[in-house]
Structure formats: C-alpha cells, structure tokens
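Worksheet for the structure shown next.
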Amino acid sequence: MTLTELATWVGIAASSALVVSVCLLAYNLRASRMDARRNLAFSMMEQLTSADFAARRWKMHGAVAAAAAAGWKEFDDCLEDFESRSFAYQYELIGQMVRSGTLDYKLVRDFVQFSIVADWNAFAPLDAHLEERYPGRPSPWSRFHLLAQRITTELHGPELRNQGP
C-alpha cells in the first residue's frame, strides 16, 4: 500500500468518524431534551397533586365566590386577591409551556382533565372584574383560559365560563 492510498483511507476513516460523532451528538441532544421535558412534566404533576396546591385551590374558589357575592368590596389588592391571581398564574405558566411545546399537551390534558375547567370557572369572575378595573388591559391569564377551553372541548366536558356573573 502506498502512502497516497494510506492517506486516502485515513481521510475516509476520519470523515466517517466525524459523521458518526455528529450523529451521536444529535442523538444525545435529543435524549437530553426529552429527559428535561419528562422531568418538567413530573415536576408539574408533583406540584398539582401537592397538599399545598389543593389548599390554594380551595382558598381561591372560596375567596373569589365570596368577593363576587359581596360586589368585590374590600377585595381589590387584599391578600386573597393576590393569592387568587398567583394561583391562576400556575395554570397560565402551564398553558405557556404547552403552547411553546415545552410540555406535551396530551399529557397535560390527560392529567388535569376537568380540574382546570373547574378552576377557570371559579377564577373567571375575578378575571372579568380585573378587566373592568383595568379597561383595555388584556387578560394575563389568556393561556389558562385557552387551555381550559381546549381541554373541555376535546373531552366534551362541562361548559366553560368566559366571564364573570
């Protein structure tokens, strides 16, 4: 074998090794991304099944219903107002992650099912009140609303409340 032939075979081997390395790198990046999405989904499930989430959910339902019944007197900017908005932001964040593809929609849909619809229906009066309070401001919970709407439509669930009473 001549030096030229040897150089040719070494070049072919190096090119092949480079192609294999790029393929392995792409596979590892894809696997890492899938692991990150899976870990995020597990974290979301853990959060939504925690006792703290259940307590915050119960508190939001009661606070918004009581405030709406009282005509929102002394509710604006009180602790219950801020806690109710904070609770809704959890679903808004999930909606944002679904929209961006960070979380798989079918996984979220099958996990939260109609609890998100019930929570939107409980929160909708506060959203409507805040729209009246801040005219022209778009709802900061639009992805929460859209996710609840999409889930109830696909699963033929309860009617979604779009506005307050």
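With 10 angstrom as the radius, rank PHE144, PHE82 by how many other C-beta atoms surround their C-beta, starting from the fewest. Can you show the working numbers first?
On the way: PHE144 25, PHE82 10.
In order of increasing Cβ crowding within 10 Å: PHE82, PHE144.
Given the C-alpha centroids of region 93-123 and region 47-73, what is the distance between them in whole angstrom?
Distance between centres, Cα-based: 18 Å.
Sort ILE12, ILE116 so the one with the fewest other Cβ atoms within 10 Å of its own Cβ comes first.
ILE12, ILE116
Just need the Rg to Rh number for the chain, please, alpha carbons only, Kirkwood Rh.
1.32
Under unit Cβ charges (Lys, Arg +1; Asp, Glu -1), what dipole magnitude, rounded to 20 debye, does the chain have relative to its Cα centre?
380
Residue by residue through region 67-76, what is 3J(HN,Hα) from phi via Karplus (6.51 cos²θ - 1.76 cosθ + 1.60, θ = phi - 60°)? Round to whole Hz and write x for glycine and proline.
These are the phi-based 3J(HN,Hα) values: 5, 5, 5, 8, x, 6, 5, 6, 9, 4 Hz.
Throughout, read-outs are computed from the coordinates displayed, never taken from laboratory work. In this text, all values refer to a predicted model and were calculated from it rather than measured experimentally. Using ideal geometry, Cβ is built from the backbone for each residue, glycine included, and neighbour counts are taken over all protein chains shown.
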